[in-house]
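All remarks here apply to the structure that follows.
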C-alpha cells in the first residue's frame, strides 16, 4: 500500500493536539498522598494523574494505576505520592500535530500523554480515547461539510431569475495527459450529484464525457477543452479541439473502428467504442469535424420527469416518488 | 455473495485501504482490457477482471461505480493509481492467476454477466 494515505492519516497531520486533548485535567500536588491518588482515580474514573507544582503549574511527574498497584502491594497508601510517581516524563506540545502524539503512543506504549503549552505549563492530557473521539468528530465534520455542499449546490438555480439561467463548467484537457485521464469527467459527475442529479443521469453524463475526454487526450494535436452547460431542463457537453480532425466521421462512428496506435491500444484504449458509447449515453449527439481544422462534439442530456439539477424545490417530489417505488 | 467471500476464495491481495468487504455484494461480472468496452458493457456494482493496471482503470471504475477491480497476472498499479483509488473509494485487488481462471472461479461462485 505504498504511497497511500487514508483520510484518517491525513487528519492526523491537520489536527492540532490542542483540538483533541481533554483540557480539564485532574491534577494533584507533590504534598498529596497515595490515598489521595486512589480517591482521585476512583472518583473521576481516570487511570493517570499529572502531579504539578502548586506555584507555577509546571509538571513534576505522573502517577498511574500501575504506580498505585505497586503502592497497594506494599500496603503503603499513606505515603507521599512522590515515592511512587514517575518523573521520567514523555510529554507532547499542544501546538504540535496529532501525528506526533500517535508516534509517541506507538513508540512508548503509554496510554496517556501530558500536554504542555508554549510556556511548558500543563494544559491538558491526551489519551488514546481522546484521539479516537477527535478523529471521529473531524470525520463527522467532513461528512457534514459535504452535506452542506450538496444542499447549497442543489438550490443553485432556485433564487436566480433570468430568462434563461445556466451554469458553465470549463475544463482544459492536455494532449497525452494520461495521468489526469478521467479527472474532468469525474469532477463533472460529482458536480451533478451535488446539484441533486440522480445517480443514473450523473453516470450517463460521466461516461459520455469520459469518452470525449479520452479522445481529446489520445487523438488531438494540442488537446482541447470541455464545456458543460447545466440548465434546469438539460445538460449540454461540448468538446472542442483544433486538430487534426476526423477524415470520415461516419466511419469513425462505426463500432470497433479506431485509428489508435499500438502503444495506445496496449493501455486498453482504442477499442473503437468511444463514439458509440457517447451516442448510447447522450440523448442527442452531434459530431462535426474538418481535417486540419478540428472537431466539435456536442452531447445533450435532456432532463425529464423527476430529473433535477440545481433546484431544491423539486427534491420534494423526488422523495415522494422514490417512496412510491418502494 | 460478498466481496469478502470472493477475496478469500480466490486468495486475492487487497491493494487499496481495507474496508468492510462483507458489506459489499457485487451484482455482476465483466472481463475486458479495453476500457471503452468496459464503459459500454460493465454494469453498475460489477466486479471487473482485467490485466490493465494503469491509473485510468480507477476513472473507469469510479464513473461506473464498480464494486471492485481484480487485476490479474500480478500486474502492479503504481502508487499514484492506488492513492487515487483510495481517494475515490475504489477497491483494487490483485492475483497471480490470469483473467480466464479468475472469471471461471467467479462464475463457479455464482456471479453472472447479467
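The modelled label-to-label distance between residue A:6 and residue B:18, using points 7 Å beyond Cα along the C-beta direction, is 0.8 nm.
Estimated translational diffusion coefficient (Stokes-Einstein, Kirkwood radius over Cα pairs, 10 °C, 1.306 mPa s) of the protein assembly as shown: 61 µm² per second. If you plug the beta carbon distance of residue A:106 and residue A:31 into 1/(1 + (r/R0)^6) with R0 = 41 Å, you get a FRET efficiency near 0.70. Shown for B:1, A:299: other C-beta atoms within 10 Å of each C-beta, ranked fewest to most, produce the order B:1, A:299. Name all residues of region A:129-157 having a backbone nitrogen under 17 Å from the label point set 7 Å from the Cα of residue A:99 along its Cα→Cβ direction, giving them as ranges. The answer is A:135, whose backbone nitrogens lie closer than 17 Å to the label point. Using 0.36 nm per residue and subtracting the Cα-Cα separation, the extra length available between residue A:200 and residue A:136 on full extension is 19.9 nm. Relative protection proxy for A:118-125, B:34-41, B:73-80, from highest mean packing down: B:34-41, A:118-125, B:73-80 (other beta-carbon atoms within 10 angstrom). Averaged over the residues of B:28-37, the number of partner chain Cβ atoms lying within 10 Å of the residue Cβ comes to 5. Dividing the summed -39500 (n - 2.57) terms of all DSSP H runs of n ≥ 4 by the residue count of chain A sets its mean residue ellipticity at 222 nm at -12000 deg cm²/dmol. Between residue A:22 and residue A:87, the distance separating the two model label sites (each 7 Å from Cα on the Cα→Cβ line) works out to 2.7 nm. In this simple spin-label model, placing a label point 7 Å from the Cα along the Cα-to-Cβ direction at both residue A:290 and residue A:162 gives a separation of 3.0 nm.
Between the helical axis of A:183-194 and the longest alpha-carbon principal axis of chain A there is an angle of about 80 degrees. Look at the alpha carbon pairs under 8 Å that are at least 6 residues apart: their mean separation over the length of region A:11-104 gives a relative contact order of 38 percent. Spatial offset of region B:89-114 relative to region B:32-64 amounts to 13 Å, using the alpha carbon center of each. Using alpha carbon centroids, what distance separates region A:257-297 and region A:79-141, in Å? Using only Cα atoms, the two centres lie 58 Å from each other.
Quick one: angle between helix A:98-108 and the longest Cα principal axis of chain A, in degrees between 0 and 90, rounded to 10, please. Helix A:98-108 sits roughly 50 degrees off the main axis of chain A. Helical content of chain B, expressed as a calculated mean residue ellipticity at 222 nm, amounts to -10500 deg cm²/dmol (DSSP H runs of 4 or more residues, -39,500 (n - 2.57) each, divided by residue number, nearest 500). Take the Cβ atoms of residue A:44 and residue A:69, set R0 to 22 Å, and the FRET efficiency comes out at 0.80. Rounded to the nearest 10 degrees, the inclination of helix A:34-44 to the longest alpha-carbon principal axis of chain A is 30 degrees. Cβ-Cβ distance of residue A:175 and residue B:101, R₀ of 41 Å, FRET efficiency by 1/(1 + (r/R0)^6): the value works out to about 0.60. Ordered by the count of other Cβ atoms within 10 Å of each Cβ, fewest first, B:48, B:107 give B:107, B:48.
Every number in this text was worked out from the coordinates using simple rules, so none of it is lab data. Predicted, not measured: the structure shown is a model, and the values here were computed from it. We place every Cβ from the backbone using ideal geometry, glycine too, and count neighbours over all the protein chains shown.
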